[in-house]
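Each remark here refers to the structure printed beneath this line.
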Amino acid sequence: MVIRILFFSALQDIVGCEELVFEVPDGVRDVAQLLDVLYDRWPSLRDWNRKILIAADLEYVGTEHPLEEGQEIAIMPPVQGG
């Protein structure tokens, strides 16, 4: 399955890009499992684990959200006002 992952703000600095087309490894079925794969690839991303917000196709979702072919997953740091 192929999905598109968008990274925002400080998370872009960690992964080195704003977005990537990502081939999801076999057996990865939900956002929690996807995050584990991303944390293995970019260990510094794990520091944000309890703070990040996730959206799937423009709707906020929890880590139990199932992944689907072609989905757009946005990974964001907490929103801060100013």
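The values are calculated or read from the model by the stated rules, or taken from the named source; none is laboratory data. Only a predicted model underlies this, so the values are computations on that prediction, with no experimental measurement involved. Every residue, glycine among them, receives a Cβ derived from its backbone with ideal geometry; neighbour counts consider all protein chains shown.
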Mind listing whichever residues of the range 30-82 are of a type in the set (Asp, Glu), over 19 Å from SER9 (Cβ atoms), touching an Asp or Glu at 6+ places or on another chain (Cβ under 7 Å) and in a strand (DSSP E or B)? ASP30
Tally time: how many residues in the range 35-55 are in contact with a Phe, Trp or Tyr (Cβ under 8 Å, 6 or more places away or on another chain), under 15 Å from ILE73 (Cα atoms) and not β-branched (Val, Ile, Thr)? 1
Scanning the range 1-29 residue by residue, those assigned to a loop (DSSP other than H, G, I, E, B) and either among the acidic types (Asp, Glu) or within 12 Å of ALA74 (Cα to Cα) (or both) turn out to be PHE8, SER9, GLU18, ASP26
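Only one of GLU19, GLU59 is modelled with pLDDT of 95 or more, of a type in the set (D, E, K, R) and surrounded by fewer than 10 Cβ atoms within 10 Å (Cβ to Cβ); which?
Selected residue: GLU59, the only one of GLU19, GLU59 that is modelled with pLDDT of 95 or more, of a type in the set (D, E, K, R) and surrounded by fewer than 10 Cβ atoms within 10 Å (Cβ to Cβ).
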Name the pairs: first residue in the range 36-53 and in contact (Cβ under 8 Å) with a residue 40 or more places away in the chain and under 20 Å from VAL24 (Cα atoms), second residue aromatic (Phe, Trp, Tyr) and part of a helix (DSSP H, G or I), Cβ to Cβ under 7 Å, at least 6 apart or on different chains? none
